[in-house]
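To start, the structure under review is shown below, and the notes come after it.
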Amino acid sequence: MASTQTTLSRPRQRRFNASRVLLRHPELGAAVVITAAWVALLLEAYTSTRTGGAAAGMPGMGTSPAEPHDAWSPAAGGLPSWVLMTVAMMGPATLGAIGYTGLNSLRWRRRRAMAEFSVAYLAVWVAFGLLVPAATAVVHGIPGPGALALVLTVAAAWQLTPVKRRCLSGCHLGASLPPRGWRAEKGALRFGLRNGLYCLGTCWCLMLVMVAAPGGQLLWTAGLTGVITAERVVSRPRSTTRAVAVMLLFAAFAALATGNLLQ
Amino acid sequence: MTDPFVRVDVWTLAEDDPIITAYADTVAAMMAKPISDPTSWGYQAAIHGIDPGSPLPPGVSQLLPQWNQCQHYSWYFLPWHRMFVYYFEQIVRTYMIANGGPSNWALPYWNYDGSGQSNTLPLAFRNQLKADGTPNPLFTAKRRRYINTGAVLPATDISLVNAFDQQTFTGLGAFGGEETPAPVQFFLQNGQPQSGALENTPHNAVHDDVGGPGGLMYSPYTAALDPIFWLHHANIDRLWGKWLQQSQQHTNPSDAGWQAQAFLVDGNSAFATASGGAIPGSSALTCAGIMDTAGQLGYKYDDDAQPSPGATAPPLRAAAQAEAEHVNWPSPWPKRPAAPASPSPDAVRHLVGATDRPIRLVGETVTVTVPIDERVTASLRAGRRAAEHMHHAFLDIEGIDAARNPAQAYGVFVNLPSRFTDADLMAHHAGNISLFGIELARRPPTDRHPHNLRISLDITRLLDRIAADGTWTDGSQLEITLRPSTLGAPSGREDLATDLADTAHPDVPITIGRIGIYYA
């Protein structure tokens, strides 16, 4: 069904006021952390290239099909890398929820509430990260470019499920946060946990693409971050998830056709 | 230029006035047309809404893109409905003239806030049969019980106090609604509500009161099928003009995007011409093109020269006086700045207190206490920018949800005395909780994320009022009462009072996540 259209944009001319911006956007602190995560990823990729890495790689992740498996193991230092990557990739899409938590908390406990939200949110992804080595082993057991094509196809199929759409919509839900005391702590943690679970349901398949991606990890990271963020920001869930599904299918065909995409 | 058509108060007309009888005849004729005809009753109602989950009406193989276009919870609520009613009126008038009806016909309005019986359904809409024994097209049984008997709308559901308390069109809880980035039905952006004070009360509450559970008016999908819908919206349209008249400070948004906004579907206007033809996008009305109803649209209201009775209500006068006298709110609230900042949609809102557990409404009165956080108010008082505050307070009802609309409005009152009079009810009334449209928010008919509802009520002048009259002395907390609205017994039918009170016990509970108080 077609909807009404906006015929003109609305340019607003307002005087910039830094403290007002900070009050309206308490999530700016989290944005700094996310930026730092990206800087760390870029530095790691740069260092890897300088020291003879096969491609601009990701910390703790394989840079070629020959050496991906062990690096994913949390025991081998992979978990911090996983957290870093989660912050970088999921952070931009989650800023809205972090800001919501701040704005709907008493001013003196805004940072605390946002931190609680973030810890609970990250805990979900850390738990998922513990399963990644096993997934990595399975994916890399598939020979040739088939692994990447398969994961991309599964991710495309997941995009079209009602569960995916429900999870994506769940990421947009706010929460009624109690203002103070243990209820406030519990409320922020619960909100973070719920948002993390919805986010996991939305993005787990896209994150598995990172496992199968054979090289050029930084490009994959940037590209998928763009997809995840766009999917979260654009307010048309059905059309957006379908568009991403088509894109993933196209990438799957390209992977098969070219052998190793972006290598 | 020809004289504008005049929309008149339906309660000033006799039941057999040609304005009413011609409307009834045209409604009957429109109802007889197939829904695929843009000039039919079904098509016009479907522009506002039609349930995509219901079986398709006969004559169409799919829902048309021109349907389900109504704008609520948006700063486009008022302009969209003005256009909608305007085009409908053209269709009705054109049919009438072609069939020998009055050529000067204009849609009457239902001024439920008028005098006498005006707070009851107009007589011509109540009876199943006309005086000549034929079916009355203006009647429908799909209304709340006893509405067709003359049950009285609750004073707080039709109160204009909160809407006319508002000094700006745009903003949270302001008269016309918060800035909305695009025309989207039941918009909720970043958890912030976009509906305006007039949309909240009387608009939503009257929909619930007239429709009742399962009636036509209680849902946007069916509301415009009830012939009284159009008179209700003519009144909402009239009240927009009354608010603008009330003060020179009351203005429509100057925002270029709002002014240029047209409502298009596939390049054409969402509405149809009087003969049912398409209106090309280049000729579609914009918000800027409908500001002057007499000059641009060719109609006016019969009471344009008079102040609205609601706009001069005692609570409004009391609030204005309190503001003029520079009344401060009791400690720990910040003192009123010497020159408060102008109300602005950009204002930063600070949470100063909230309830800490969900509330369930099942038809009973609920009172909760919201403690005001002294650490926050102290920082607001001491802050570098304390003098720049608007000195505005907002009451937000957050996370409102229900399986469907129980068609039961709840009045929201601040510091209502335990023993109160009717005057107290009006003076302490902040607005209403109505779930009109919850089904569109929970299951959007277009490609949108589902969400629950949130209502923001600007309680600044209410606090001014109760601070000035001395009933609010303890600023460390606010007591919020949620009271089900009950229709009054029809005149001469006091025996129905118990039955009417019983209808305030809906079987669909409403849950509220939190009540928050904000200061800006």
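The values are calculated or read from the model by the stated rules, or taken from the named source; none is laboratory data. Everything numeric here is computed off the predicted structure, so don't read it as measured data. Neighbour counts run over all protein chains shown; Cβ positions are idealised from the backbone, glycine included.
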Hits in the stretch A:199-235 - residues which are in contact with a Ser or Thr (Cβ under 8 Å, 6 or more places away or on another chain) and free of Cβ contacts under 8 Å to residues at least 60 places away in the same chain: A:Ala230, A:Val234
Conditions (1) away from chain A (no Cβ under 14 Å); (2) not in a helix (DSSP H, G or I): number failed by B:Tyr518: (1)
Residue that is nearest to the other protein chains (Cβ to nearest Cβ) [pool: residues in the stretch B:25-66 that are surrounded by 24 or more Cβ atoms within 10 Å (Cβ to Cβ) and not in a helix (DSSP H, G or I)]: B:Ile50
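Yes/no matrix, rows are residues, columns are (1) in the same structural domain as B:His389 (by TED's automatic domain parsing); (2) buried (at least 20 other Cβ atoms within 10 Å of the Cβ); (3) part of a helix (DSSP H, G or I); (4) modelled with pLDDT under 85:
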| site | (1), (2), (3), (4) |
| --- | --- |
| B:Ala320 | yes, no, yes, yes |
| B:Glu323 | yes, no, yes, yes |
| B:Trp329 | yes, yes, no, no |
| B:Pro337 | yes, no, no, no |
| B:Val352 | yes, yes, no, no |
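Looking at the stretch A:176-209, which of the residues that are within 18 Å of A:Val124 (Cα to Cα) and aliphatic (A, V, I, L, M) is farthest from the other protein chains (Cβ to nearest Cβ)?
A:Leu208
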Matching residues in the stretch A:152-204 - criterion: being assigned to a loop (DSSP other than H, G, I, E, B) and farther than 25 Å from A:Ser239 by Cβ: A:Ala175, A:Ser176, A:Leu177, A:Pro178, A:Pro179, A:Arg180
Those residues of the stretch B:467-484 which are under 26 Å from the mean Cα position of the chain (by Cα) and either closer than 26 Å to B:Asp209 by Cα or away from chain A (no Cβ under 14 Å) (or both), in sequence order: B:Glu479, B:Ile480, B:Thr481, B:Leu482, B:Arg483, B:Pro484
Pair list, Cβ under 8 Å, 6 or more apart: the stretch B:23-34 residue farther than 17 Å from B:Pro108 by Cβ, other residue among the small types (Gly, Ala, Ser): B:Met31/B:Ser40; B:Met31/B:Gly42; B:Lys33/B:Ser40; B:Lys33/B:Gly42; B:Pro34/B:Ser40; B:Pro34/B:Gly42; B:Pro34/B:Gly59
Selected residue (only one of B:Asp507, B:Asp424 is under 23 Å from the mean Cα position of the chain (by Cα) and either farther than 28 Å from B:Ser74 by Cα or touching a residue at least 12 places away in the same chain (Cβ under 8 Å) (or both)): B:Asp424
Any chance B:Ser476 is closer than 26 Å to B:His72 by Cβ, in contact with a helix residue (DSSP H, G or I) (Cβ under 9 Å, 6 or more places away or on another chain) and not assigned by TED's automatic domain parsing to the domain that holds B:Asp157: no
Residue within the stretch B:411-430 that is in contact with a helix residue (DSSP H, G or I) (Cβ under 8 Å, 6 or more places away or on another chain), closer than 30 Å to A:Pro237 by Cβ and more than 14 Å from chain A (Cβ to nearest Cβ) present: no
Leading residue by the ranking (farthest from the other protein chains (Cβ to nearest Cβ)) among those in the stretch A:235-259 that are surrounded by 13 or more Cβ atoms within 10 Å (Cβ to Cβ) and part of a loop (DSSP other than H, G, I, E, B): A:Ser235
Residue among A:Pro162, A:Pro178, A:Pro133, A:Pro143 that is buried (at least 17 other Cβ atoms within 10 Å of the Cβ), free of Cβ contacts under 8 Å to residues at least 24 places away in the same chain and out of contact with any Leu (no Cβ under 6 Å at 6 or more places or on another chain): A:Pro178
Answer from B:Leu440, B:Leu500, B:Leu487 - the residue that is within 24 Å of B:Ala223 (Cα to Cα) and within 14 Å of chain A (Cβ to nearest Cβ): B:Leu440
Helices (runs of 4 or more DSSP H) fully within the stretch B:395-493 counting 2 or more residues that are over 24 Å from B:Asp208 (Cα atoms): B:460-468
Candidate set from the stretch B:223-268 (those that are buried (at least 22 other Cβ atoms within 10 Å of the Cβ) and small (Gly, Ala, Ser)); member that is nearest to the other protein chains (Cβ to nearest Cβ): B:Ala262
Conditions (1) farther than 30 Å from B:Gln66 by Cα; (2) surrounded by 19 or more Cβ atoms within 10 Å (Cβ to Cβ); (3) within 14 Å of chain A (Cβ to nearest Cβ): number failed by B:Asp464: (3)
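Per-residue answers, yes or no, for (1) at pLDDT below 95; (2) of a type outside the set (Val, Ile, Thr); (3) not in a helix (DSSP H, G or I):
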| position | (1), (2), (3) |
| --- | --- |
| B:Gly114 | yes, yes, yes |
| B:Ser118 | no, yes, no |
| B:Gly133 | yes, yes, yes |
| B:Thr140 | no, no, yes |
| B:Thr201 | no, no, no |
| B:Ala205 | no, yes, no |
| B:Asp209 | no, yes, no |
| B:Leu216 | no, yes, yes |
Residue in the stretch B:9-24 that is nearest to the chain's Cα centre (by Cα), counting only those that are part of a helix (DSSP H, G or I) and aliphatic (A, V, I, L, M): B:Val10
Subset tally (residues that are within 20 Å of the chain's Cα centre (by Cα) and of a type in the set (Phe, Trp, Tyr)) for the stretch B:140-160: 0
Residue, farthest from the chain's Cα centre (by Cα), within the stretch B:354-375, restricted to residues that are facing another protein chain (nearest Cβ under 10 Å) and surrounded by 21 or more Cβ atoms within 10 Å (Cβ to Cβ): B:Asp373
Number of the condition not met by B:Leu78 [criteria: (1) farther than 22 Å from B:Ile20 by Cα; (2) at pLDDT below 95; (3) more than 14 Å from every other protein chain (Cβ to nearest Cβ)]: (2)
Residue match in the stretch B:282-294 (condition: at pLDDT 95 or above, in contact with an Asp or Glu (Cβ under 9 Å, 6 or more places away or on another chain) and assigned to a helix (DSSP H, G or I)): yes
